[in-house]
Amino acid sequence: MKPNFLQTPIAYLKGVGPNRAETLQTELGIQTYHDLLHLYPNRYLDKTQYYKINQLKDSGADVQIMGKIVHLKTVEQKRGKRLVATFMDDTGEMELVWFRAQKWMRENLRLNEPYVVFGRINRYGSTFSMPHPEMELLKEHQAGLKIAMQPIYPSTEKLSAKGITNRVISKLQQQLLLESKGQFQETVSGAILEELKLFSRADALLNVHFPKNQELLAKARFRLKFEELFYIQLQLISKKIIRKQKIKGFPFEKVGHNFNTFFEKHLPFELTAAQKRVIKEIRADLGSNAQMNRLLQGDVGSGKTIVALMSMLLAIDNGFQACLMAPTEILANQHYNGLKELLGKMEITLELLTGSTKKSERRTIHERLQNGSLHILVGTHAVLEEKVQFHNLGLAIVDEQHRFGVAQRSKLWHKGGSPPGEVGGVSIPPHVLVMTATPIPRTLAMSLYGDLDISVIDELPPGRKPVKTVHRYDSNRLKVFHFIKQEIKKGRQVYIVYPLIQESEAVDYKDLMDGYESISREFPLPDYQISIVHGRMKSQDKDYEMARFVKGETQLMVATTVIEVGVNVPNASVMIIESAERFGLSQLHQLRGRVGRGAEQSYCILMTGSKLSEDARTRLQTMTRTNDGFEIAEVDLRLRGPGDLMGTQQSGLLNLKIADIVKDNQILNTARYYAVNLLKEDPRLEKPENLPIRKQFAKMVKDKAIWGYIS
Ligand code: ADP
Ligand code: MG
């Protein structure tokens, strides 16, 4: 095989040519031999097994059966005629059905002769049928050359229209493998191959396209999945190593006056063990010379805010400023008020900057940031504006990060002003702490954020009563209203939340307003006061309504999901979620986290119509079964796949060709383990036995910084 064999343009492959090359390129993105070789089958038709009719189970399976046609008839129906054959083996009978080419079939099918049929089965009650089976007489079947497992490649309408059928692609793969003579360069080390008993790369490629049986296919797929995940991990981990070695951070060497005073005099409660551990982890990061880039995961109500505050005090103790950003104005306000209260009489200066901060105040804030007299800035995206420059920003904290993109996070890096720690003209970025209440299974998180460090608060403050969650149908609404009234009588407050999905905003808005009206009728003035908050209101009005609820002036809060994140009203003990079937699991869990914050027993009531999809049912059952955010995250991941998880885009884990980060979690862990160890033992991939890895890595890594570090 020539050295650049795999880089050959696909048009040169026998059987392709310029026209097909163009179609392959536009439809499947295939430009080179390499691309074609890495177009893996989506599935395989397994013709290694022969099924008995009494072994058939469900609709949708592709099966191969030996038997005889004992009877043939034409059935007339409103929608047209069909040809039906009764097909028998020694265990039972089933039907073969034709809608097309009935005449030809009728004339050519032979009764009472052994056939091998292959096709997809449908089940109707206890009868199985197979429409348009592939038919082969048993004696021809035995004589012919069998494809054991037939690969089925991804296809598009245009491909088939242009005659590039599955058969054609299969032929092209065959041609390519033939020309290559199977001499594919190995890409993992001999040690790994041996330890994991992996197929060689050549064997894997051959067997993924033309497996002889399930075992060989499984081995081929394992090898290719491992390789794919291994190289992604290798990249992520080396990025992290580089960051730790190359990106300097401000060392916060002392734990000073502010931190200690707060800890001794102002901390309103005992920290949980998890909070203490996380603060320790953060302190260790901040005390080193490297920049901290840490993700703090903690379920709703686990107490992330106090961790944020104490980290900011560390910054201030070391002569730096800090900022805390929240995704909404309501949240920023709440953080501002909360921190102010926590700081009490301590001499820390704190300001709030949001879209609705007045111009004059804004100017003062800008000035005080630049002259360093302002210690902490709390705000929304407004903090990211160009004009906002710090004297020396040492720590930036982002709350509920899924609302912030990576690009925005990186803007924070350049806000430091001209810090005293500047070295050789390179400005040092602030430490970054990202807090999220969207739990992700830990192993997956490590893989997704391979270049971030992760801390987890996995414990709720003591004395919390778990929220009781129930599912109620709309038809039971009166009972639910009755329950709400009882709770309000006890002095509690209630959220009623409506969905707001961007695409159907107008409809959702109407639902909210209709709901508001009926609630106003059911809970009339002056006995009941109702707040309403939704996205179409001005932010002052929102804040006003929210404030009334926070102060306890209103008993009911009717809202869209704007209250989803962070809002803290400990006296609110009931969360009603309308059209709960329309919410995703993590959103339901977030909403539920708004209650159960006080000492009282809290409730979450999921209201739905009577028609529910299977997924919706699973979501509701999961919510009523457990309060554990990590468990919920696992179910969510299974239902939705990882597409919506933050970080998946950047990590490259979404563009996987063969592995699946959810289903192949085990392989992912193995790959990560090997990648970590490899870089530990041979950080620069210099050992001769790691040469294959070094070569492959060089090909893959477009990021010069990483390669620069390795070589
Ligand atoms: P989240 O992690 O959702 O941001 P918060 O920081 O808002 O959680 O904390 C939720 C509530 O728990 C707040 O009222 C906070 O004062 C309280 N809290 C936090 N830590 C503790 C603790 N160790 N003991 C008791 N209450 C705590
Ligand atoms: Mg919070």
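Every read-out reported here was derived from the displayed coordinates using simple, explicitly stated rules and does not represent laboratory data. These figures come from a predicted structure and were not determined experimentally. With ideal geometry, Cβ positions are generated from the backbone for all residues, glycine too; neighbour counts draw on all protein chains shown.
Along the axis of the charge dipole computed for the chain (Cβ charges of +1 for Lys and Arg, -1 for Asp and Glu, origin at the Cα centre), the listed residues THR670, LEU656, MET310 are led at the positive end by LEU656. Could you list, in their original order, any pairs among LYS304/LYS345; LYS212/LYS663; LYS411/LYS699 whose Cα atoms are separated by more than 27 Å? From LYS304/LYS345; LYS212/LYS663; LYS411/LYS699, over 27 Å: LYS411/LYS699. Counting only residues at least eight positions apart within a chain, or on another chain, the aspartates and glutamates with an alpha carbon under 17 Å from that of LYS657 are GLU27, ASP35, GLU227, GLU228.
Looking at this model, which pairs from LYS265/LYS387; LYS465/LYS510; LYS14/LYS158; LYS57/LYS197; LYS489/LYS538 are more than 29 angstrom apart at the alpha-carbon?
Details: LYS265/LYS387 37 Å; LYS465/LYS510 35 Å; LYS14/LYS158 21 Å; LYS57/LYS197 35 Å; LYS489/LYS538 32 Å.
From the list (LYS265/LYS387; LYS465/LYS510; LYS14/LYS158; LYS57/LYS197; LYS489/LYS538), the Cα-Cα distance tops 29 Å for LYS265/LYS387; LYS465/LYS510; LYS57/LYS197; LYS489/LYS538.
For LYS611, no lysines have a Cα closer than 19 Å to its Cα, not counting residues fewer than 8 places off in the same chain. Were the residues from LYS265 through ARG477 laid out at 0.36 nm apart, the gain over their Cα-Cα distance would be 71.5 nm. Length gained on full extension, LYS510 to TYR51: 159.7 nm, using 0.36 nm per residue less the C-alpha separation. Overall, segment 502-612 carries a charge dipole of about 260 debye about its Cα centre when +1 sits on the Cβ of Lys and Arg and -1 on the Cβ of Asp and Glu, all other atoms neutral.
If r is the Cβ-Cβ distance from TYR673 to MET700 and R0 is 22 Å, what FRET efficiency results, to the nearest 0.05? The computed FRET efficiency comes out at 0.65. Charged side chains reduced to their Cβ positions (Lys and Arg at +1, Asp and Glu at -1) give the chain a dipole of some 960 debye around its Cα centre. Just need log10 I(q)/I(0) for segment 59-137 at q = 0.20 Å⁻¹, Debye formula, equal scatterers on the alpha-carbon atoms, no solvent, rounded to two decimals. Scattering profile of segment 59-137, log10 relative to I(0): -0.87. If the label point is 7 Å along Cα→Cβ of ASP203, which residues in segment 221-251 have backbone nitrogen under 16 Å from it? Answer for segment 221-251: 221-227. Calculate the translational D of the chain in whole µm² s⁻¹ from Stokes-Einstein, where the hydrodynamic radius comes from the Kirkwood formula applied to all Cα pairs, the temperature is 37 °C and the viscosity 0.692 mPa s. My calculation gives 109 µm²/s for D.
Mind checking the full-extension length gain between LEU111 and LYS468? Use 0.36 nm per residue of separation minus the Cα-Cα distance, one decimal, nm.
My answer for the length gained is 122.0 nm.
The modelled label-to-label distance for the pair SER155/ARG167, using points 7 Å beyond Cα in the direction of Cβ, is 1.1 nm.
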